[in-house]
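*Asks:* Have a look at the structure that comes next, please.
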Amino acid sequence: MSPGIDTNDFNTKLKNAQKFLNDGDRVKVSVRFRGREMAHTEIGADLLKDFAAKCAEIANMDKTPKLEGRSMSMFLSPKPQTPPKKPAKPKQPKAPETAPEAE
């Protein structure tokens, strides 16, 4: 973990992001650098990659971490859900319909 974020803070953000991803929403994850932190942007990139790795079961990384000004961000989107396959029902032949007899 980087010195700028505590484990509990990271896990809280991770839990919220996973909730949004499970609801089918995209998530933008960003890290803001202040002052001397700009000299260590690789720590922020590692933090975002770790975040994406922990969401890998339910999300795909749309955009890799990119530095824009003083913030680095990436996008995660939920993996497409495949509906569970139902077992094929055996088809039963239809009985021939008989017309009612006229008297």
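The values are calculated or read from the model by the stated rules, or taken from the named source; none is laboratory data. The structure displayed is predicted, hence computed values, not measured ones. Using ideal geometry, Cβ is built from the backbone for each residue, glycine included, and neighbour counts are taken over all protein chains shown.
*Asks:* Could you pull out the residue among Lys89, Lys66 that is more than 20 Å from Lys15 (Cβ to Cβ), out of contact with any Lys or Arg (no Cβ under 7 Å at 6 or more places or on another chain) and at pLDDT below 90?
*Replies:* Working: Lys66 fails: at pLDDT below 90.
The match here is Lys89.
*Asks:* Could I ask something else about it? Among the listed residues Asp50, Asp9, Asp46, Asp62, identify the single one that is under 14 Å from Ser77 (Cα atoms) and acidic (Asp, Glu).
*Replies:* On inspection, the qualifying residue turns out to be Asp62.
*Asks:* If I filter the range 66-83 down to residues being in contact with an Asp or Glu (Cβ under 9 Å, 6 or more places away or on another chain) and assigned to a strand (DSSP E or B), which single residue comes out as nearest to Thr41 (Cα to Cα)? It would help to see each step written out before you state the result.
*Replies:* Narrowing the range 66-83 to residues in contact with an Asp or Glu (Cβ under 9 Å, 6 or more places away or on another chain): 70, 74-79.
This time we only want the ones that are assigned to a strand (DSSP E or B), so: 74-78.
Details: Met74: 14, Phe75: 18, Leu76: 20, Ser77: 24, Pro78: 26 Å.
Here the answer is Met74.
*Asks:* Looking at the range 42-63, which of its residues are assigned to a strand (DSSP E or B), at pLDDT 90 or above and surrounded by fewer than 14 Cβ atoms within 10 Å (Cβ to Cβ)?
*Replies:* Of everything in the range 42-63, just one residue is assigned to a strand (DSSP E or B), at pLDDT 90 or above and surrounded by fewer than 14 Cβ atoms within 10 Å (Cβ to Cβ), namely Asp62.
*Asks:* Condition first: in a helix (DSSP H, G or I) and loosely packed, with under 11 Cβ neighbours inside 10 Å. Now tell me which residues in the range 18-41 satisfy that.
*Replies:* Listed by number, the residues that qualify are Gly35, Arg36, Ala39.
*Asks:* Cβ-Cβ below 7 Å, separation at least six or inter-chain, first residue in the range 60-74 and under 17 Å from Arg34 (Cα atoms) and without any contact (Cβ under 8 Å) to a residue 60 or more places away in the chain, second of a type in the set (A, V, I, L, M) and not in a strand (DSSP E or B): which pairs?
*Replies:* Between residues of the range 60-74 that are under 17 Å from Arg34 (Cα atoms) and without any contact (Cβ under 8 Å) to a residue 60 or more places away in the chain and residues that are of a type in the set (A, V, I, L, M) and not in a strand (DSSP E or B), the close pairs are Arg70/Met38; Met72/Ala45; Met72/Leu48.
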